[in-house]
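Every number here is computed from the coordinates shown, using simple stated rules; none is lab data. Source: prediction; values computed, not measured. FYI the Cβ positions are ideal-geometry reconstructions off the backbone, even for glycines, and counts take in every protein chain you see.
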Amino acid sequence: MVHPLSNPLRSVGDRRLPRVPDPCALVVFGVTGDLAKKKLIPAVYDLANRGLLPAGFVLLGFARRDWGDGDFETLARAAAQKGARTEFRESTWSRLAESIKFLPGSFDDDHAFDTLAETLRDLDNTQGTQGNAAFYLSIPPAAFPTVLKQMQRTGMADDRESGGWRRVVVEKPFGHDLPSSKELNDLVDDVFTARDVFRIDHYLGKETVQNLLALRFANTLFEPIWNSHHVDSVQITMAEDVGIGGRAGFYEGTGAARDVLQNHLLQLLALTAMEEPVGFDAESLRTEKRKVLGALKPPRDLAAYAVRGQYDQGWLAGERVKAYRAEEGVSSESRTETYAAVRLEVETRRWAGVPFYLRTGKRLPRRVTEIGVIFHRAPVLPFAKSDTEELGANQLVVRVQPDEGVTLRFGSKVPGTTMEVRDVAMDFQYGEAFTEASPEAYERLLLDVLLGDASLFPRNEEVEESWRVIDPIEHFWAEQNDAGNAPHLYRAGEWGPKAAVDMLARDGRVWRRP
Amino acid sequence: MTTLWDTTGTAVVKALGAERRKAGSVSSGLALTLVVVVEEGRVEEAEHAATRAAAEHPCRLIIVVRRRPDAPEARLDAEVLIGGRLGPGEAAVLRMYGRLALHAESVVLPLLAPDAPVVTWWFGRPPQLIAHDPLGVLADRRVTDCSLADDPVAALQQRAVDYAPGDTDLDWTRATTWRALCAAAFDSIESPARAAVVTGEPSPSRALVAGWLRSCLDVEVTTQDSGTNGITEVRIELEEGEVRVSRSNGRTALLSRTGQPDRRMPLEPRELGDLLAEELRRLDADETYARALSVASGVGDLDQRPAHRTHVWHDPTEAADPDPALTVA
């Protein structure tokens with residue numbers, strides 16, 4: 001909220017009243033795309049249904065279609081009915097529908113953008129939006145420069161000229177390497193100011209990720225052991241059971257490292273490894289995350305600690321699935337990785353010597369994202385060796401999805417007359433119904449954009465630091481390609497290539513089976 | 001589910017333990033214990049609401065039904081279930097007959113989740129004095145519902161007289177929607193308020209909204225009667241212009257501000273379960289409520305009161321003015 005206390009009816013102690021953004025317009029470029037239909041429009045509906053949208057809210061769609069407001073409303077309605085988390089209510093929809101508008105036009109059409117600028121000015125009078133607008137760029141990165149320049153030309157991006165706030169929301173990929181991301185950041189930050197740019201990483205909108213911060217910094221139990229004295233290693237996994245779907249065109253030029261490792265996994269790493277922020281505002285959180293990312297070192301021995309893989313044909317969940325190279329739109333010679341595993345080190349006093357193993361892959365046995373913190377074994381055990389054969393290392397696992405929750409693994413005596421110790425798991429789980437009630441990541445993030453709360457959005461420096469880590473790995477793999485080496489193949493439905501297992505075996509460790 | 005007839009508190013504790021083991025991997029993410037005091041006729045409605053609220057706030061649910069305190073024999077019947085019709089959590093429905101009804105805490109205390117906060121909700125006529133009911137004395141948060149009293153407006157006055165930090169009333173929860181609308185209408189208004197009028201049928205909610213406006217805006221707030229259900233309009237006069245929130249039909253509110261276009265906002269009636277879930281979200285004292293109640297009732301310094309009560313023995317069979325919470329059919 002911009003002026004939290006200027007309204008006498010809102011007080012900090014009164015937490016029953018929901019935070020509602022100022023009257024504003026949400027302009028979505030590429031509103032006919034998949035993301036808009038599957039995530040954005042349902043999220044807008046859910047927010048409206050929960051009464052979290054301001055009275056003067058306008059959803060403005062912009063796309064290259066010869067449509068009127070009505071056509072767009074039909075599409076939006078279908079999308080909301082299909083994708084909304086909350087119950088579909090006719091009364092909510094009819095109210096929202098009144099404030100849904102559509103503007104046809106292509107991105108290089110000056111006239112269309114002039115009309116858009118004018119429409120936004122009109123809305124100030126007709127809807128009382130007071131010059132507030134957020135622009136959601138749900139478009140391919142290649143179209144960014146054109147759209148941003150149009151916004152600059154028409155003065156749409158200017159806070160002062162519009163009299164309210166102007167914000168822009170950008171989806172990943174944020175570039176494809178350090179230079180390209182710098183270029184993109186410079187462009188966006190030049191047209192808007194840096195603090196008005198919201199980069200969406202939907203993982204950060206998930207409850208559990210925010211809960212990781214609560215777990216670490218609201219408790220006294222975990223922080224004292226959250227360092228190299230007690231932690232042996234950290235494993236961060238994001239596995240998907242799906243293949244690339246229809247995204248061959250995008251994926252061929254991207255690969256697992258750019259698609260997932262650079263953003264989601266490094267953000268999870270940053271939240272796991274960062275120091276305590278001085279406050280929970282956007283600035284403090286981002287500062288701490290940046291410090292961790294800045295202290296990250298790419299592996300020195302890339303051949304040993306940056307493993308890439310590609311799925312071959314196989315059986316997954318009882319169904320036969322194609323090899324990556326046999327997917328539609330993928331070259332039969334493709335060397336794009338669908339699996340990546342790396343070992344990174346955080347060179348700070350807290351983490352020196354603790355390896356962070358990150359892995360991500362497609363066509364793995366199941367969809368799961370988790371952060372596993374693995375502790376040292378006890379240096380001395382007062383038990384006979386045979387008594388503790390089944391005792392592993394203590395682990396604290398934060399399950400990001402699915403089954404959001406926390407697991408603690410520790411040794412416990414096997415009931416009976418002999419002294420035998422083995423691992424047991426203690427689970428904390430948000431109940432089934434609880435998870436259902438927790439808002440979708442997009443809902444939360446969209447609301448944060450409209451409220452101007454940037455704490456869950458990575459800043460340009462974070463993105464650039466991430467590329468600094470990923471670039472050497474990508475270069476190494478490119479060299480490998482030139483030398484005629486392809487990614488390691490793994491069977492669809494298994495936990496990645498053998499080379500990844502060897503990578504941990506070399507360090508005397510094994511991957512957790514999530 | 002385990003059903004126990006003519007049983008003891010110890011047997012109920014054992015049955016709960018057995019049910020937990022039977023349920024296999026018990027995910028014990030309990031945040032609180034919710035004690036519901038309810039009469040037989042409302043048990044089903046209470047179960048429904050509590051189940052809905054428990055979905056958002058994992059809790060152990062204890063439903064206490066007091067029956068015929070004048071019955072010659074004390075008796076306890078109990079149902080214990082986990083992951084059944086009362087949602088994913090643990091639940092016990094306790095029916096207490098005879099004198100046992102006056103000593104309900106003897107059964108409830110060993111059933112409370114260890115060291116978790118306790119919320120007691122009277123789903124029925126609110127107690128005269130919460131101190132009369134041991135189930136209120138042991139709770140950290142107490143939720144009453146004035147709308148179920150014989151005279152709701154008088155019941156609200158009594159809530160102020162009896163207030164201790166940690167008390168709230170569902171009529172205050174019902175007012176949240178209206179308060180949110182008023183706050184939204186008042187966003188980005190710079191002109192100070194001069195006076196306000198709350199129109200609606202005389203109700204605790206109307207009194208609380210008026211009290212709240214007055215405590216926030218520090219201006220004269222009057223109430224006006226209208227025949228229909230609930231609150232129908234809130235009008236705030238400003239130095240320049242006015243702000244008005246009115247209900248146009250059951251499900252929509254109209255926001256009007258001088259010099260700005262009218263807007264429509266959702267005004268959905270909320271289910272009992274949603275109201276209860278809102279109550280369970282906060283387990284500390286609601287200071288905004290204390291201020292609003294203080295203004296609405298004219299009873300001062302509510303937030304200065306001690307948060308803890310001492311049990312006051314009250315036997316409804318002997319009292320000239322029996323406490324409604326203990327006098328159950």
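R0 = 60 Å: FRET efficiency of A:Ala378 with B:Asp321, Cβ-based, nearest 0.05? Efficiency, from the Cβ-Cβ distance: 0.35.
Quick check for you: which residues of segment A:255-276 have the amide N under 15 Å from the point 7 Å beyond the Cα of A:Gln210 toward its beta carbon? Within reach of a label on A:Gln210: no residues.
In this structure the amide hydrogen of A:Leu103, modeled in the peptide plane, comes within under 5 Å of the amide hydrogens of A:Gly61, A:Phe62, A:Ala63, none closer than 5 places in sequence on its chain. With θ taken as phi - 60° and the Karplus curve 6.51 cos²θ - 1.76 cosθ + 1.60 applied, the whole-hertz 3J(HN,Hα) list for segment B:68-79 is 6, x, 8, 4, x, 9, 7, 7, 10, 10, 9, 10 Hz, x standing for glycine and proline.
Across chain A, Cα pairs under 8 Å and at least six residues apart give a relative contact order of 17 percent. Per-residue 3J(HN,Hα) values for segment A:135-150, derived from phi via the Karplus relation 6.51 cos²θ - 1.76 cosθ + 1.60 with θ = phi - 60°, read 10, 9, 8, 9, 9, x, x, 4, 8, 3, x, 4, 5, 5, 5, 4 Hz in sequence order (x marks Gly and Pro). Cross-link partners of A:Lys206 among lysines, defined as those whose alpha carbon lies under 25 angstrom from its own and excluding same-chain residues fewer than eight positions apart: A:Lys37, A:Lys38, A:Lys39, A:Lys82, A:Lys172, A:Lys289, A:Lys291, A:Lys362.
Given their separation in residues at 0.36 nm each and the Cα-Cα distance between them, B:Arg270 and B:Asp218 gain 15.8 nm when the chain is fully extended. The residue list B:Tyr97, B:Ala71, B:Ala11 was ranked by how far each Cα lies along the charge dipole of segment B:1-134 toward its positive end, using unit charges on Cβ atoms, and B:Ala11 comes out on top.
Taken as Cα centroids, segment A:281-301 and segment A:1-56 sit 30 Å apart, rounded to the nearest whole angstrom. Rounded to the nearest 0.05, the FRET efficiency derived from the C-beta distance between A:Thr146 and A:Glu461 at R0 = 22 Å is 0.30. Normalising the average separation of contacting C-alpha pairs (under 8 angstrom, six or more residues apart) by the number of residues puts the relative contact order of chain B at 18 percent. One chain, two ends: A:Asp71 and A:Ser284. Fully extended at 0.36 nm per residue, the span grows by 72.3 nm beyond their Cα-Cα distance. For chain B, the Cβ-based charge dipole about the Cα centre amounts to some 880 debye (Lys, Arg positive; Asp, Glu negative; other atoms uncharged). Annotation for A:Glu390 and A:Lys297: the two label points, set 7 Å from Cα along the Cα-Cβ direction, are 4.1 nm apart. If you run the Gaussian network model on chain B, springs between alpha carbon atoms under 10 Å, then out of B:Glu190, B:Glu271, B:Glu44 the most flexible one is B:Glu190. Explain nothing, just the number: relative contact order of segment B:237-318, from Cα pairs under 8 Å at least 6 residues apart, as a whole percent. In percent, rounded to a whole number, it is 14. The alpha carbon centroids of segment A:377-415 and segment A:439-514 are separated by 27 Å.
Projecting the Cα atoms of B:Pro266, B:Val245, B:Ser203 onto the charge dipole of segment B:174-266 (Cβ charges, centred on the Cα centre) puts B:Pro266 farthest toward the positive pole. Extending 7 Å from the Cα toward the beta-carbon at both A:Ser6 and B:Met1 defines two label points whose distance is 5.6 nm.
Counting only other chain Cβ atoms within 10 Å of each residue's Cβ, the peptide B:184-192 averages 6. When we measure straight from the Cα of B:Lys14, which lysines land under 17 angstrom away, once same-chain ones fewer than 8 places off are left out? The qualifying lysines are B:Lys22. The modelled label-to-label distance for the pair A:Lys182/B:Asp70, using points 7 Å beyond Cα in the direction of Cβ, is 8.9 nm.
Loop-located chymotrypsin sites (Phe, Trp or Tyr not before Pro) across segment A:265-328 with a Cβ neighbour count of 14 or fewer within 10 Å are A:Phe280, with loop assigned by DSSP. Selection among B:Ala193, B:Gly166, B:Ser256 by position relative to the dipole of segment B:150-284 gives B:Ser256 as farthest towards the positive end (Cβ unit charges, Cα centre). Taking the Cα centre of segment A:204-505 as origin and assigning +1 to Lys and Arg Cβ atoms and -1 to Asp and Glu Cβ atoms, the resulting dipole is close to 620 debye. Computed from backbone phi with θ = phi - 60° and the Karplus coefficients 6.51, -1.76 and 1.60, the 3J(HN,Hα) list for segment B:275-288 is 4, 5, 4, 4, 4, 6, 5, 10, 10, 9, 5, 8, 5, 4 Hz; x is used for glycine and proline. Largest mean-square fluctuation among B:Pro127, B:Pro269, B:Pro58, in a Gaussian network model of chain B whose springs join Cα atoms under 10 Å apart, belongs to B:Pro269. With a Förster radius of 35 Å applied to the C-beta separation of B:Arg305 and B:Arg281, the computed FRET efficiency comes to 0.95. Around the amide H of B:Gln128, modelled in the peptide plane, lie the amide H atoms of B:Ala325, all under 5 Å away and 5 or more residues distant in sequence or on another chain.
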